[in-house]
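The values are calculated or read from the model by the stated rules, or taken from the named source; none is laboratory data. Model, not experiment: these values are computed from the prediction. Note that we place each Cβ from the backbone using ideal geometry, even for glycine, and neighbour counts take in every protein chain shown. SASA here: full protein model, heavy atoms, side chains in, ligands and nucleic acids out. Shrake-Rupley method; radii C 1.70, N 1.55, O 1.52, S 1.80 Å.
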Amino acid sequence: MKSQTLSAAAARRIALAAQGFTGPRPSGALNAGTVKRAVDRLGLLQIDSVNVLARAHYLPLFSRLGRYDSGLLDRLAWGRRSERRLFEFWAHEASLLPVENQPLWRWRMQRAASNAGDGKGKLHTFKKEKAAFIDEVRRELADRGPLAASELSNGGERRGPWWGWNDGKLALEWLFFAGEATTATRRGTFERVYDLTERVLPRSILDRPTPTAEEAQRELLRLSARALGVATEADLRDYFRLGVTDTKARLMELVEAGELTPVTVEGWSKPAYLDPAARLPRRIEARALLAPFDPLVWERARTLRIFDFLYRIEIYTPADKRKHGYYVLPFLLGDRLVARVDLKADRPNSRLLVHAAHLESNADAREIAGPLRKELRLMADWLGLDDVQLPRAGALGRAMRT
C-alpha cells in the first residue's frame, strides 16, 4: 500500500485534535457524562501518587474541560457499583479505564494468572514462591472484604526489595493483576482498598463475552490510534503498553483491513499510521497546562518529535541538578508548547506557587504572559486556592507581573 505524506504541522494538528484540543472548553456546569466522554476520548487516565499540585488522573481532564468537579471522576471510578463507569488496571502504568473495556484486558489477566510472564516479573516470582499464602489472602478477601493491605490479619512486615511491600500487599497486587481482585475504593492518602472483582464491577460488564487475545489487542490498537490520531508503531504500542510481537502482528492486520493508513510524516524518521477517522483542523486554538502524565506528552520521544519540546520530569533529580523544577507542566498555546512552569499547590496558605516560568526558544514572552496568567488563575480557582504567586525571575515571569 502506497504511503500518504503529511506535513509536520498537519501531524501536530491531528495529534492535538485526537487528544481533545480542537475547540473551546465546555461552558456551564459539567456533569458525569461530560467527564466520562472525556475519559473515553483519551482511553485511559494514568494514576500517580504525586500530589504536589493535584493527583495525576485529575489533571488531564482539567486541561481539556477547565473547572470541572473532580468528585464526578471519583464517583465514576470508586462510587457505588451501580454508578461505576471506570476501573483500575495496569495499562499505561496504573490507570483508570472505561469499565466497558474491561473484557479487552482479560487476556492480560489470564496471562498473569497462568504466570506467563506478561510484565510484573516480581509478582510472578512471588506467585511461584508464595502460592499458598496468596490462596490464604484470597480467602480472607472473600470472607472479610473490602480490605486494604494494612487490614489483612497476616500481612507480614514491610521490607526493602519489591517496592517495600509486605507479603500481604504483594498477594493483593498479584490478585489484582490476575483480575481476581480490583479496587473497591480509595481511602485517606489514596490507599487502595481491594475486593473481589465480581463484587465491584457491574454484572453487565462481567457477563460480557471474553474476546480472544488477538481480538482484544486489535481493539486496543484501534483505541490507541483514535487517541493519538497519527502515530508510529512505538507510539501505538506504548499507549497501552502492548508487547512488541503482539503489536507488530496486529498492526499488520489492521493495515491490511484498511483500519489504519500508512503515512510518511515530514521530519519523522520512522513510518507512521493514521486513524482514517482522524480530524485535521485548519487551526488549533488551545490553551492548557499539561501534567507530566498527560497522554499528549507522556511519551517523551513523541513529544520531541511533534512539538520539538525536550521534556523530562525531574522529581527524582537532586534539587541542585534540576534544570526546570520539581513538578513542571508544559504550557500549550495554539498548537505549540511555548513554555513550562514549575507549580505547587500551597494549600495551607491557599496559594498556587509558580516557582519558575521558562520560555521556550522562539517564543515571545509578551504574547504568552497573558494567556498563561489566565490559565494559572483558572487552575487556582479549580483547586480552590485564593492567590497565584508569580515568579519574579525570567522574561516570562516579569512579563506576567506587568
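I'd like the full set of residues that are in a strand (DSSP E or B) and under 22 Å from L42 (Cβ atoms), limited to the stretch 240-262. Talk me through it step by step, then tell me what you get.
Step one: of the stretch 240-262, the residues in a strand (DSSP E or B) are 261-262.
T261 - this is the single residue of the stretch 240-262 that is in a strand (DSSP E or B) and under 22 Å from L42 (Cβ atoms).
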All conditions in (1) open to solvent by less than 20 Å² (accessible area, probe 1.4 Å); (2) touching a helix residue (DSSP H, G or I) at 6+ places or on another chain (Cβ under 8 Å); (3) not in a helix (DSSP H, G or I) are true of R67 except (1)
Within the stretch 149-163, restricting to residues that are part of a loop (DSSP other than H, G, I, E, B) and open to solvent by 70 Å² or more (accessible area, probe 1.4 Å), the one that is modelled with the highest pLDDT is S153
Over the stretch 304-316, the set of residues without any contact (Cβ under 8 Å) to a residue 24 or more places away in the chain and open to solvent by 40 Å² or more (accessible area, probe 1.4 Å) is L304, D308, L310, R312, I313, Y316
In the stretch 192-239, residues that are outside any helix (DSSP H, G or I) and out of contact with any strand residue (DSSP E or B) (no Cβ under 8 Å at 6 or more places or on another chain) total 7
When the stretch 44-54 is checked residue by residue, the ones that are open to solvent by less than 10 Å² (accessible area, probe 1.4 Å) and touching a Phe, Trp or Tyr at 6+ places or on another chain (Cβ under 7 Å) are L53
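Out of E259, E266, E253, E299, I need the residue that is of a type in the set (D, E) and not assigned by the TED database to the domain that holds A8. Which one?
E299
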Taking the stretch 110-133 and keeping only residues that are touching a helix residue (DSSP H, G or I) at 6+ places or on another chain (Cβ under 7 Å), closer than 27 Å to R208 by Cα and either loosely packed, with under 14 Cβ neighbours inside 10 Å or at pLDDT 90 or above (or both), one is left with G117
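Out of R287, R283, I need the residue that is open to solvent by 70 Å² or more (accessible area, probe 1.4 Å), outside the structural domain of F62 (by the TED database) and either in a loop (DSSP other than H, G, I, E, B) or at pLDDT below 95 (or both). Which one?
Numbers: R287 fails: either in a loop (DSSP other than H, G, I, E, B) or at pLDDT below 95 (or both).
So the residue among R287, R283 that is open to solvent by 70 Å² or more (accessible area, probe 1.4 Å), outside the structural domain of F62 (by the TED database) and either in a loop (DSSP other than H, G, I, E, B) or at pLDDT below 95 (or both) is R283.
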Residue hits (the stretch 189-247; among the polar types (S, T, N, Q), surrounded by fewer than 20 Cβ atoms within 10 Å (Cβ to Cβ) and in contact (Cβ under 8 Å) with a residue 24 or more places away in the chain) are T210, T212
Within the stretch 7-21, restricting to residues that are open to solvent by 20 Å² or more (accessible area, probe 1.4 Å) and either among the hydroxyl-bearing types (S, T, Y) or more than 11 Å from R64 (Cα to Cα) (or both), the one that is nearest to the chain's Cα centre (by Cα) is R13
Looking across the stretch 368-379 at residues that are surrounded by fewer than 20 Cβ atoms within 10 Å (Cβ to Cβ) and out of contact with any Gly (no Cβ under 8 Å at 6 or more places or on another chain), the single one that is nearest to R287 (Cα to Cα) is P371
Those residues of the stretch 84-101 which are under 15 Å from G179 (Cα atoms) and either free of Cβ contacts under 8 Å to residues at least 12 places away in the same chain or part of a strand (DSSP E or B) (or both) amount to L86, F87, E88, F89, W90, A91, A94, S95, L96, L97
Within the stretch 253-280, the residues that are open to solvent by 40 Å² or more (accessible area, probe 1.4 Å) and closer than 14 Å to L220 by Cα are E253, E259
